[in-house]
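Worksheet for the structure shown next.
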Amino acid sequence: MSSKLRDSLARDGFVRIPSAIGADQLEALRAACQCVARLARTGDWPHVRTLPKQFPPWNADISEGIWGVQHLMHPDLPYHDTFAASYFAPYIITAVTDILQCSPDDLVLELYNLLIRPDADFALRWHRDDIGPDVSAQDELERLQEPMLHAQWNLALYPDQSLVVVPGSHMRSRTEEERCADPFEDNMPGQMIVTMEPGDIIFYNNNILHRGVYSSQAERMTLHGSMGIVGADPARARNVLQHGIGAWVGRCDFSKMQDHTNDQDSSALADDMRSRLVAMGSGQVLSFSQPFDE
Ligand SMILES: O=C(O)CCC(=O)C(=O)O
């Protein structure tokens with residue numbers, strides 16, 4: 001059966017759900033994010049995305065500033081229950097099961113991070129998350145035709161115009177122009193700035209050709225999550241593991257999640273999704289799917 005959400009995502013490579021959360025949730029999440037962003041900027045939370053580095057691994061050297069806070073559900077981070085409640089919220093689970101055409105019993109816990117205003121203007125180069133720039137056009141196309149085994153989203157808490165995409169590029173290999181373009185090209189043919197209002201969610205295919213362009217002057221607090229399904233290939237496991245979740249996920253206590261939209265089933269679902277991640281990750285050797293960029 002088709003759905004509007006799935007059809008838009010399949011056609012464009014991204015889809016917007018406007019005003020997905022209420023004013024109370026927005027305020028609660030803003031307060032939680034302000035707190036963890038402050039901790040991260042002062043060096044009191046070591047798991048951060050540091051400038052000027054685009055891809056993991058990031059170390060804890062924040063001398064040039066940061067652009068993200070990692071591991072929002074980490075049991076040692078304040079407000080981890082609030083973040084877990086938003087990750088496992090019905091509005092996410094409903095959308096993800098629709099997009100992946102699966103049952104909640106198939107879902108796998110993956111990443112939950114926060115993207116914030118960088119301390120200096122900063123941009124990511126054009127990329128696809130799981131496919132490097134040097135693959136042949138044929139390999140690129142084959143990789144893009146593989147079935148979708150995870151869903152990725154941005155939930156904006158402030159107006160956000162940082163994500164730039166080339167709509168439809170998740171279905172085709174790069175054109176010669178895209179291949180030869182400056183990695184920081186500001187005017188890629190067909191590019192579109194994804195505009196989000198507070199409370200909006202964007203689901204996007206992380207292999208769409210995209211980049212981030214960040215202003216140090218514009219507040220940004222955008223929750224950045226992904227969920228997988230059982231049966232994902234080793235490349236996906238690598239992508240999840242490279243963010244280091246394995247070191248702490250076993251200590252999460254999901255019984256205390258707080259969100260009036262969550263019920264008891266959310267805790268059980270969270271436990272099950274964590275178990276599936278651990279099973280998926282067992283036996284995996286830690287390695288990185290993108291070349292180090294420093
Ligand atoms: O800032 C964003 O919304 C996109 C981030 C991104 O492209 C990435 O982390 O690979």
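The values are calculated or read from the model by the stated rules, or taken from the named source; none is laboratory data. What you are looking at is a predicted structure, and each value in this text was computed from that prediction instead of being measured. Neighbour counts run over all protein chains shown; Cβ positions are idealised from the backbone, glycine included.
Quick notes
- Per-region count, the stretch 173-204, residues within 22 Å of the chain's Cα centre (by Cα) and farther than 20 Å from residue 88 by Cα: 9
- Test: residue in the stretch 225-243 that is under 27 Å from residue 157 (Cβ atoms), at pLDDT below 95 and part of a loop (DSSP other than H, G, I, E, B): yes
- Criterion applied to 65, 22 was being on the phi > 0 side of the Ramachandran plot and of a type outside the set (Phe, Trp, Tyr), and the one residue passing it is 65.
- For residue 208, the conditions (1) part of a loop (DSSP other than H, G, I, E, B); (2) within 16 Å of residue 49 (Cβ to Cβ); (3) not hydroxyl-bearing (Ser, Thr, Tyr) are fulfilled apart from (2).
Yes/no per residue for (1) surrounded by fewer than 20 Cβ atoms within 10 Å (Cβ to Cβ); (2) over 18 Å from residue 15 (Cβ atoms):
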position: 157; (1), (2): no, yes
position: 190; (1), (2): yes, no
position: 196; (1), (2): no, no
position: 204; (1), (2): no, no
position: 212; (1), (2): yes, yes
position: 227; (1), (2): no, no
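- Each residue in the stretch 131-153 was checked for being crowded, with 18+ Cβ neighbours inside 10 Å and without any contact (Cβ under 8 Å) to a residue 24 or more places away in the chain, and 0 pass.
- Residue 97, sole failed condition from (1) within 16 Å of the ligand (Cβ to nearest atom); (2) modelled with pLDDT of 95 or more: (1)
- In summary, residue 128 fulfils each of the numbered conditions (1) buried (at least 16 other Cβ atoms within 10 Å of the Cβ); (2) under 21 Å from residue 5 (Cβ atoms); (3) within 13 Å of the ligand (Cβ to nearest atom) with the single exception of condition (2).
- Residues within the stretch 57-67 that are more than 20 Å from residue 216 (Cα to Cα) and within 16 Å of the ligand (Cβ to nearest atom), tallied: 1
- Test set (1) within 30 Å of residue 2 (Cβ to Cβ); (2) more than 14 Å from the chain's Cα centre (by Cα) - residue 96 fails condition number: (2)
- The requirement of being in a strand (DSSP E or B) and near the ligand (Cβ under 10 Å from one of its atoms) is fulfilled nowhere in the stretch 136-150; no residue meets it.
- Top-ranked residue of the stretch 41-94 - restricted to ones that are farther than 30 Å from residue 184 by Cβ and touching a His at 6+ places or on another chain (Cβ under 8 Å), ranked as surrounded by the most Cβ atoms within 10 Å (Cβ to Cβ): 73
- Residue among 54, 25, 70 that alone is of a type in the set (S, T, N, Q), within 16 Å of the ligand (Cβ to nearest atom) and within 17 Å of residue 112 (Cβ to Cβ): 70
- Scope the stretch 175-227; condition within 10 Å of the ligand (Cβ to nearest atom) and over 18 Å from residue 112 (Cα atoms); matching residues: 194, 196, 208, 210, 211, 213, 214
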